[in-house]
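**Student:** Before I ask anything, let me first share the structure, which is written out below as structure tokens.
Taken together, the values in this text are just the output of simple stated rules run on the coordinates, not laboratory data. Quick caveat: nothing in here was measured; it's all calculated off a predicted structure. Note: ideal-geometry Cβ built from the backbone for every residue, glycine included; neighbour counts use all protein chains shown.
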Amino acid sequence: ETPTFDMKLGADQFQLGEAFNNLDLLKTLAPIASALQGKLNSKISISGNLGPEFTPDLESITGNILAEILETKINKERANVLNAVASQLQFIDLEKLNLSGLKTALSFKDGIVSVKPMTFNYQDIAITVDGSHSFDRKLNYTATLDVPAKYLGSEVNGLIAKINDNSLQNLTVPVGVTIGGEYNNPQVKTDLTSGVKNLTASLVEVQKQKLLNQGKEKASSLLEGLLAGNKEKDSTGIKTSPSEEVKKTLGNILTSGTKRTDSVNKDSAAAASPNQAVKEAAKSVLGGLLKKKKKDTVSVRKDTVN
């Protein structure tokens, strides 16, 4: 019969460096912790089979770990994974990474350690990590960093300055990180380059739309100004209706062919309607013609007498 074990461990103010350097089981369960110096509180529940020498059969063990890091410092010489990540993300300085207060939950079964999603901050960057690793130290992790635009280069920040929109001041871009390979030779990839490229294209489009909108606003303002100016000009000018202009013109033409000898005639002519004025003008012209004809007749008769 195969011997088994089942135990629960509780540790307060546990020294990280001593525990993970001296206990092979903890090195297997959380190899990255060997790069940490400081203290933690933890609860460990573990069960499995024992080997011939009464050592745990790693392939058989199951359980979980709850841990809270109280204070920590990064030992860069042992931080293979963290060094690999920092080499891909130039804005991360491991000297400034503070994991104090970080709570993490791990579960392990069939030789695989799974880490539940955990979130912590590097300065003003929120980082969420989850994934798994095997007891033979093969890594399969992903991380998402919400990176403020100020870390993404001069081109991005130049575009944001040109757009000059307050809503962009707190703009963050999610940057994905995948961590594979083995603990001693981690392979880290990020989508930072494509993320910056996509953001730049989006900001260029936003700038274009803003310039178009500004152009439309200026055109609209100009049109409104022109319309307002025309209205003002109409309101302050001489108000003359088309019918009044016609009447005035007709009146000038008609009055130019008649002689006004007294004020009574002037008043009556001014009071007359356009039709009446036409009639009066016609009479005047006919009268002149008749008088001329009569004069000519008298002259003929006079010549005859002579």
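**Student:** Can you give me the relative contact order of the stretch 4-212 as a percent, contacts being Cα pairs under 8 Å and 6 or more apart?
**Tutor:** For the stretch 4-212, the relative contact order is 14 percent.
**Student:** Can you bin every Cα-Cα distance in the stretch 4-212 into 10 Å intervals starting at zero and give me the percent of pairs per bin, rounded to whole numbers?
**Tutor:** P(r) over the stretch 4-212, rounded to whole percents: 8, 30, 30, 17, 10, 5, 1, 0.
**Student:** Output wanted: per-residue J couplings in Hz (rounded whole) for the stretch 205-212, from phi through Karplus 6.51 cos²θ - 1.76 cosθ + 1.60, θ = phi - 60°, x for Gly and Pro.
**Tutor:** Karplus-based 3J(HN,Hα) across the stretch 205-212 equals 5, 4, 5, 4, 4, 5, 5, 4 Hz.
**Student:** To continue, here is another question. The stretch 115-140 to the stretch 156-213: how many Å between their Cα centroids?
**Tutor:** Measuring centre to centre over Cα atoms gives 22 Å.
**Student:** Based on the alpha-carbon gyration tensor of the stretch 36-91 and its eigenvalue square roots a ≥ b ≥ c, which shape applies: rounded if a/c is under 1.5, prolate if not and a/b is larger than b/c, or oblate?
**Tutor:** In terms of gyration-tensor shape, prolate.
**Student:** Filter the cross-link list Lys76/Lys189; Lys27/Lys76; Lys76/Lys109 down to pairs whose alpha-carbon distance in this structure exceeds 28 Å.
**Tutor:** Cα-Cα > 28 Å for Lys76/Lys109; rest within.
**Student:** In whole Hz and in residue order, list the ³J(HN,Hα) couplings for the stretch 75-82 that follow from phi through the Karplus curve 6.51 cos²θ - 1.76 cosθ + 1.60, θ = phi - 60°; x for Gly and Pro.
**Tutor:** Values, residue by residue: 8, 4, 5, 10, 8, 4, 5, 5 Hz.
**Student:** Taking H placed 1.01 Å from N in the peptide plane, check which residues at least 5 places from Tyr122 or on another chain put their amide H under 5 Å from its amide H.
**Tutor:** Excluding prolines and chain starts, which carry no amide H, the hits are Ile127.
**Student:** Can I ask one more? Treating only the Cβ of Lys, Arg, Asp and Glu as charged (+1, +1, -1, -1), what charge dipole size does the stretch 4-212 show about its Cα centre? Round to the nearest 20 debye.
**Tutor:** Once rounded to the nearest 20, the dipole reads 600 debye.
**Student:** Now for a separate question. Counting other C-beta atoms within 10 Å, and keeping those with at most 16, which DSSP coil GluC sites (Glu not before Pro) do you find in the stretch 1-91?
**Tutor:** Glu1, Glu53, Glu77
**Student:** Just flag the chymotrypsin sites (Phe, Trp or Tyr not before Pro) in the stretch 1-77 sitting in loop per DSSP whose Cβ has no more than 10 other Cβ atoms within 10 Å.
**Tutor:** Taking the stretch 1-77 and a limit of 10 other Cβ atoms within 10 Å, the loop chymotrypsin sites (Phe, Trp or Tyr not before Pro) found are Phe54.
**Student:** Now, a different point. Can you compute 3J(HN,Hα) from phi for each residue in the stretch 43-60, using the Karplus curve 6.51 cos²θ - 1.76 cosθ + 1.60 with θ = phi - 60°, rounded to whole Hz and x for Gly and Pro?
**Tutor:** 10, 10, 10, 8, 8, x, 9, 10, x, x, 9, 6, 9, x, 7, 4, 5, 9
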